[in-house]
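Okay, structure first, notes after.
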Amino acid sequence: MFRQIFVNLPVKDLARSKAFFESLGLSFNPRFTNEQGACLEIAENIFAMLLVEPFFQGFTQKPISDAHQSTEVLIALSLDSRAAAEEVVRKAVVAGATTPNPPKDHGFMFQHGFADLDGHQWEVFWMDTAASPEPV
């Protein structure tokens with residue numbers, strides 16, 4: 001079945017975007033990084049391809065969404081603790097991100113997030129699945 005995920009995101013300034021994500025402690029795979037795109041390594045099998053807009057446009061006939069104005073995708077990433085989620089958001093804001101929503105504490109789950117330099121919305125959360133409520 002499926003083994004990996006590569007989320008492709010358009011960016012206006014690749015060098016600026018790379019610096020932003022590096023400030024969060026993330027790195028890029030140099031084998032899949034050049035002047036047109038960079039392979040952001042999020043976890044062992046989770047990647048985001050940051051592609052400069054003209055290159056990204058070559059993969060679709062549709063116009064590229066302006067993520068500052070509309071939402072096409074929400075990227076949600078789980079972390080090991082509430083503190084880890086809070087720290088990622090803190091680092092993102094220091095690096096120039098915004099927080100489109102206040103943090104939410106649901107007891108069994110804590111969620112927060114940030115919008116990166118190109119407006120893409122990243123949700124970070126911690127969840128205690130054993131304490132989650134039963135489905136209704």
State whether one or more residues within segment 86-93 are at pLDDT below 95, farther than 26 Å from ARG31 by Cβ and surrounded by 12 or more Cβ atoms within 10 Å (Cβ to Cβ).
no
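Rundown of residues vs (1) under 19 Å from VAL73 (Cα atoms); (2) assigned by TED's automatic domain parsing to the domain that holds SER23; (3) under 13 Å from the mean Cα position of the chain (by Cα); (4) not hydrophobic (A, V, I, L, M, F, W, C), yes/no style:
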residue	(1), (2), (3), (4)
GLU86	no, no, no, yes
GLY96	no, no, no, yes
ASP105	no, no, no, yes
PHE108	no, no, no, no
GLY113	yes, no, yes, yes
PHE125	yes, no, yes, no
ALA130	no, no, no, no
Would a scan of segment 12-23 turn up a residue that is in the same structural domain as GLU134 (by TED's automatic domain parsing), farther than 30 Å from GLU134 by Cβ and assigned to a loop (DSSP other than H, G, I, E, B)?
no
Scanning segment 22-35 residue by residue, those touching a residue at least 60 places away in the same chain (Cβ under 8 Å) and either surrounded by 12 or more Cβ atoms within 10 Å (Cβ to Cβ) or over 15 Å from PHE114 (Cβ atoms) (or both) turn out to be SER23, LEU24
Which listed residue, of TRP122, TRP126, is more than 19 Å from PRO10 (Cβ to Cβ) and either buried (at least 18 other Cβ atoms within 10 Å of the Cβ) or aromatic (Phe, Trp, Tyr) (or both):
TRP126
Boolean, SER65 is surrounded by 14 or more Cβ atoms within 10 Å (Cβ to Cβ) and at negative phi:
yes
Whichever residue in segment 71-85 is modelled with pLDDT of 95 or more and closer than 12 Å to HIS120 by Cα and, among such residues, is surrounded by the fewest Cβ atoms within 10 Å (Cβ to Cβ):
ALA76
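The values are calculated or read from the model by the stated rules, or taken from the named source; none is laboratory data. None of the values given here were measured: they were computed from a predicted structure. Every residue, glycine as well, gets a Cβ built from its backbone with ideal geometry; the counts of neighbours run over all protein chains shown.
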